[in-house]
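Report on the following structure.
The values are calculated or read from the model by the stated rules, or taken from the named source; none is laboratory data. Here the structure is a predicted model, which is why all the values come from computation and not from measurement. Positions of Cβ are backbone-derived with ideal geometry, glycine not excepted, and every protein chain shown enters the neighbour counts. Keep in mind that these areas ignore ligands, DNA and RNA; they rest on the heavy atoms of the full protein, side chains included. Shrake-Rupley method; radii C 1.70, N 1.55, O 1.52, S 1.80 Å.
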Amino acid sequence: MRATGRVRRNERLAALRCIACHTQYPIADMPTGCPRCAGAGHPSSVEAVYAGAPLPLQPKSQGYRWGAWLPYSDGISLGEGNTPCLDVPALARTLGVEQLWIKHEGMNPTGSHKDRMSAQAVSRALDVGARLVVLASSGNAAVSAAAYCAAAGLPCEIATYSDLPAPFARALREYGAMRVAFDSGHARWDHVRRRVERDGAFAVTNYCVPPVGSPVFGVEGYRAVALEWVAQGVRPDHVLVPTARGDLLWGVYSALRDLVHGGVLDRVPQLWAVEPFARLSRVLDGVALQSEFEGRTAQFSTAGSTVTLQQEMAARLSGGGAVLVDDHAAAEGMSRLAKAGFWVELCAGACYSGAWQLRSAGRIASSQQVLLLLTAKGDRDPFPFDSL
Ligand SMILES: [Zn+2]
């Protein structure tokens, strides 16, 4: 573990660029995304621009330390990344596909993929001399940010829901994070906004309405997820990703897109956003992206009433889409994964059911390979497992 407060920025990091209008900006923190698009009424995320031609990936190359592909090549780490990507023939047979891969993000230090975002975002916070890190989360992102801030020696304040599940509340307390409780998601965002605009705090998550993705330096950390499976030689045709606002989906997409441009891959696999109620699926059917999408779900990591441009773009540009998996189906998927040895959160269980749905509908062919991105372990999930 490094906790020296010293970080090293990737020397290839050249600029930021809007994912929609492609306007370039100098390196800076832009938590509300592209000013030009926000001014035009359709907020959009920015992404990092890395100078020079993309480097070809060597099989079994150095894993998470993707110096050329992430904003920070060295910084605060608790050993995140390099998660197992496993060939699971039994599940492939059940689904009726050629091969099924499981990328198990629950194997990260605090049990979820969020550690990849925290490592990069907290390194950024140190780089710019932040004195307070703030975020809105009532789940895995909260625990992860609290852990990485503890490692960095940075104060961390988290806007949570009032009914934060006990295992999460305890983790935040032990990590020494400050907690401020609210009854609505938008109230949490207002609090983060005040902290950033009034007190100069460093934001790890979105606080805009309509929303953009989380701030760029964190989201870029998700690129390593795809880089790892590609370096391992895994070439799925379809990738299923539990999705709320699409940080992970976009990070994976951006890395795969760059690998195509660099000649490492022939094409981006079809990326499917697995959602607990209709949000992105409605947007892809023509409903306005900035609508509020109300719905109830026990899949707490992918709850939320909004859709971001980044998730719409990642799904559409990859030729994938949205897969709607309700809580009953998610529980069945979770149970099926557990029977294969993978105990994951409910929305990760929805990935398996989503693949089943796509296979049944003929969207996934029997000759194809599928990768399920399992976002977090199941032992902390507050879902009442006996209720379905
Ligand atoms: Zn823009």
Test: residue in region 316-330 that is in contact with a Cys (Cβ under 9 Å, 6 or more places away or on another chain), buried (at least 16 other Cβ atoms within 10 Å of the Cβ) and of a type in the set (S, T, N, Q): no
Region 205-228, subset hydroxyl-bearing (Ser, Thr, Tyr) and part of a loop (DSSP other than H, G, I, E, B), residue nearest to THR308 (Cα to Cα): SER214
Region 9-26: number of residues that are more than 9 Å from the ligand (Cβ to nearest atom) and either outside any loop (DSSP other than H, G, I, E, B) or crowded, with 17+ Cβ neighbours inside 10 Å (or both): 9
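Taking the condition hydrophobic (A, V, I, L, M, F, W, C), farther than 22 Å from PRO211 by Cβ and more than 16 Å from the chain's Cα centre (by Cα), does ALA92 pass? Talk me through it step by step, then tell me what you get.
Working: hydrophobic (A, V, I, L, M, F, W, C): yes; farther than 22 Å from PRO211 by Cβ: yes; more than 16 Å from the chain's Cα centre (by Cα): yes.
Yes; evaluated as a whole, the condition is true for this residue.
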Matching residues, region 48-70, being crowded, with 20+ Cβ neighbours inside 10 Å and modelled with pLDDT of 95 or more: ALA48
Residue list for region 289-303, restricted to those being under 18 Å from the mean Cα position of the chain (by Cα) and either crowded, with 20+ Cβ neighbours inside 10 Å or not assigned by TED's automatic domain parsing to the domain that holds ALA348 (or both): GLN299, PHE300, SER301, THR302
First in region 337-361 and assigned by TED's automatic domain parsing to the domain that holds SER301, second anywhere and aromatic (Phe, Trp, Tyr), Cβ under 6 Å, 6 or more apart: LEU337/TYR352; LEU346/PHE383
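Which of the following residues is open to solvent by less than 30 Å² (accessible area, probe 1.4 Å), polar (S, T, N, Q) and at pLDDT 95 or above: SER73, SER77, SER45?
Details: SER73 fails: at pLDDT 95 or above; SER77 fails: at pLDDT 95 or above.
On inspection, the qualifying residue turns out to be SER45.
Let's see how each residue does on (1) part of a helix (DSSP H, G or I); (2) in the same structural domain as ASP183 (by TED's automatic domain parsing); (3) open to solvent by less than 10 Å² (accessible area, probe 1.4 Å):
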position	(1), (2), (3)
ARG93	yes, no, no
LYS103	no, no, yes
GLN120	yes, yes, yes
ALA125	yes, yes, yes
ALA130	no, yes, no
LEU135	no, yes, yes
ALA145	yes, yes, yes
TYR148	yes, yes, yes
THR160	no, yes, yes
Sole exception among (1) at pLDDT 95 or above; (2) within 20 Å of ALA141 (Cβ to Cβ) for ALA303, by number: (1)
Region 336-347, residues that are in contact with a helix residue (DSSP H, G or I) (Cβ under 7 Å, 6 or more places away or on another chain) and not in a loop (DSSP other than H, G, I, E, B): ARG336, LEU337, VAL344, LEU346, CYS347
Residue within region 183-198 that is open to solvent by less than 60 Å² (accessible area, probe 1.4 Å), part of a loop (DSSP other than H, G, I, E, B) and modelled with pLDDT of 95 or more present: no
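Residue under question is GLY286, and the condition is that it be assigned to a loop (DSSP other than H, G, I, E, B), over 27 Å from GLY41 (Cα atoms) and open to solvent by 20 Å² or more (accessible area, probe 1.4 Å); does it hold?
Values: assigned to a loop (DSSP other than H, G, I, E, B): yes; over 27 Å from GLY41 (Cα atoms): no; open to solvent by 20 Å² or more (accessible area, probe 1.4 Å): yes.
So GLY286 fails the test.
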In region 266-283, the residues that are touching a helix residue (DSSP H, G or I) at 6+ places or on another chain (Cβ under 9 Å) and either in a helix (DSSP H, G or I) or modelled with pLDDT under 95 (or both): LEU280, VAL283
